[in-house]
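Below: one structure, written as structure tokens.
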Amino acid sequence: MEERNTLSARSAVLSALLGSHPPRLPARQLVRIGALFGIAEGTVRVALSRMVAAGDLLQDGRFYTLSERLAERQARQDESRDPHTRPWDGTWEVAVVTTERRAPADRAAFRATMTALRLAELREGTWMRPANLVRAWPEAVTAQCTLIDGRPHDDPTPLLWDLDGWAAEAHRLERDLGRVLDRALDRAFDRAGGLAEGFLVSAAVLRHLLADPLLPQELLPAGWPGAELRARYDDFDRHYREVLYEHLKG
């Protein structure tokens, strides 16, 4: 199966821990996950050592867990599955960058922060979104921006997000979830192949949910698949994890 070789040892380890609650797994199970993709045990163990040295993972005996930075990434991932929103009154949040002479690394970090907050850039240095999310502004934003609440005369949504593209990918992933779960549950089929494919599809869905702008219903096109994809993924994840953990304990 071609997809089995599409993950590096590091990516396989991170995806496994990011998808586990709590994010703590023994080396033996991480090695078995690597084996689903044809990754040798020695390669996985070398990756684990390097990730601990780099501060990505913490080691406690034979167990590995996510560092604080990556635990925050898992929290954002979990939030994307069950987002905290509030009724929208038509107000938009606008963040205008006022800091000058930022280093390229600082600009890249700021852009990543704004994207994680689900803001989109209307023009360079001007970020905005509807004010329907329940969250606080981090210091990384308040220290660099002037924050404004306003109401645009025209709806800027089409300029900020490719909603048709997001919806099309969501529908494709919904189909993949059903197909892959059937394969993983079929004991007469290639169980390892089904588990490997499910691992990849699961990671793809979680990445896609992180890219959902979480707009209020008033700004979404008819038939928006966000809620349906989340419900389908929750059902998939519940069944798939049972099969995966059974395999890991074998």
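The values are calculated or read from the model by the stated rules, or taken from the named source; none is laboratory data. Predicted model, so just to flag it, every value in this text is computed and none were measured. With ideal geometry, Cβ positions are generated from the backbone for all residues, glycine too; neighbour counts draw on all protein chains shown.
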query: Of all residues in segment 99-121, which are within 29 Å of ASP155 (Cα to Cα), touching a residue at least 40 places away in the same chain (Cβ under 8 Å) and not small (Gly, Ala, Ser)?
result: THR99, ARG118
statement: Contact list, first residue from segment 156-179 and within 12 Å of PRO221 (Cα to Cα) and polar (S, T, N, Q), second anywhere and modelled with pLDDT of 95 or more and not in a helix (DSSP H, G or I), beta-carbon distance below 8 Å, six or more apart or interchain, is THR157/LEU215
- request: Please state which of the following conditions ASP106 fails to meet, knowing it meets all the rest: (1) exposed (fewer than 13 other Cβ atoms within 10 Å of the Cβ); (2) over 20 Å from LEU160 (Cα atoms).
  value: (1)
query: Tell me, which helices (runs of 4 or more DSSP H) wholly within segment 147-239 include 3 or more residues that are among the small types (Gly, Ala, Ser)?
result: 163-185, 191-210
query: Out of all the residues in segment 25-56, which are over 22 Å from HIS239 (Cβ atoms) and of a type outside the set (A, V, I, L, M)?
result: PRO26, ARG28, GLY34, GLY38, GLU41, GLY42, THR43, ARG45, SER49, ARG50, GLY55, ASP56
- prompt: Just wondering, is there one or more residues in segment 74-88 that are part of a strand (DSSP E or B), touching a Leu at 6+ places or on another chain (Cβ under 8 Å) and more than 21 Å from LEU210 (Cα to Cα)?
  reply: no
- request: Name the one entry in VAL201, VAL205 that is in contact with an Asp or Glu (Cβ under 6 Å, 6 or more places away or on another chain), closer than 30 Å to LEU117 by Cβ and surrounded by 15 or more Cβ atoms within 10 Å (Cβ to Cβ).
  value: VAL201
